[in-house]
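Please treat every number below as a calculation from the coordinates, not as lab data. Bear in mind that the values here come from a model prediction, so they are computed numbers and not experimental data. We place every Cβ from the backbone using ideal geometry, glycine too, and count neighbours over all the protein chains shown.
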Amino acid sequence: MKKILLLGALFVVSLGSVRAQELYGHLNFGNLIAQMPEAVAANDSLEILQATMVATGEAKAQQFQRDATAFIKAVQGGGLTPLKQQEQQAALEKRQLEIQNYEQVIINTIGKKRNEMLKPIVARAQAAIDEVAKENGYVMVFDTSIFGAIMFAKDTEDIMPLVKAKLGIE
């Protein structure tokens, strides 16, 4: 009976010491992604795409403005029949709507492209975090880029340097 109690006590003590050795880490995932060279390249590429699309939209808007001004002058000058006036007004309204919709096209295209480009980058960063956590015995890693995600964090270690080393980032 003494042996069973002694073994039980040793088991409880060993569980306590195992818990005391649990490691918790943290890093700012957003900062990690921002420091990855492929994320910087993706961002540069997205900025170029956005600038190109915005320039196209601005050119369409400027041409629309010129055409609308010419239409107004033609109407005021009496050079259009009522039927022609209605046709041109309808065409201008259609173009105006297309220009307004183009802004949403830009937003959707950039968002889709951003997700497409970031997906493998995020996966690579997550894999590095997983490897560092396993290699260094972390039982939990917190993302400090999410506001309010950590209410209390005693004895956590910033594993950003380890993950950056794993990714080859200086």
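One table, with the values for the structure above:
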| quantity | calculated |
| --- | --- |
| Added length on full extension, which subtracts the Cα-Cα distance from 0.36 nm per residue, Glu93 to Gln62 | 9.7 nm |
| Within straight-line cross-link reach of Lys166, aspartates and glutamates at Cα separation under 13 Å, skipping those fewer than 8 residues along the same chain | Asp130, Glu131, Glu135 |
| Sparse-neighbour loop sites [trypsin sites (Lys or Arg not before Pro); the stretch 97-170; at most 13 other C-beta within 10 Å; DSSP] | Lys154 |
| ³J(HN,Hα), Karplus 6.51/-1.76/1.60, whole Hz, each residue of the stretch 77-86, x for Gly, Pro | x, x, x, 10, 6, x, 5, 5, 4, 5 |
| Amide H contacts under 5 Å for Phe142, placed H, 5+ residues apart | Gly25, His26, Leu27 |
| Measure of compaction for the stretch 14-153 (Cα Rg per 2.2 N^0.38 Å) | 1.91 |
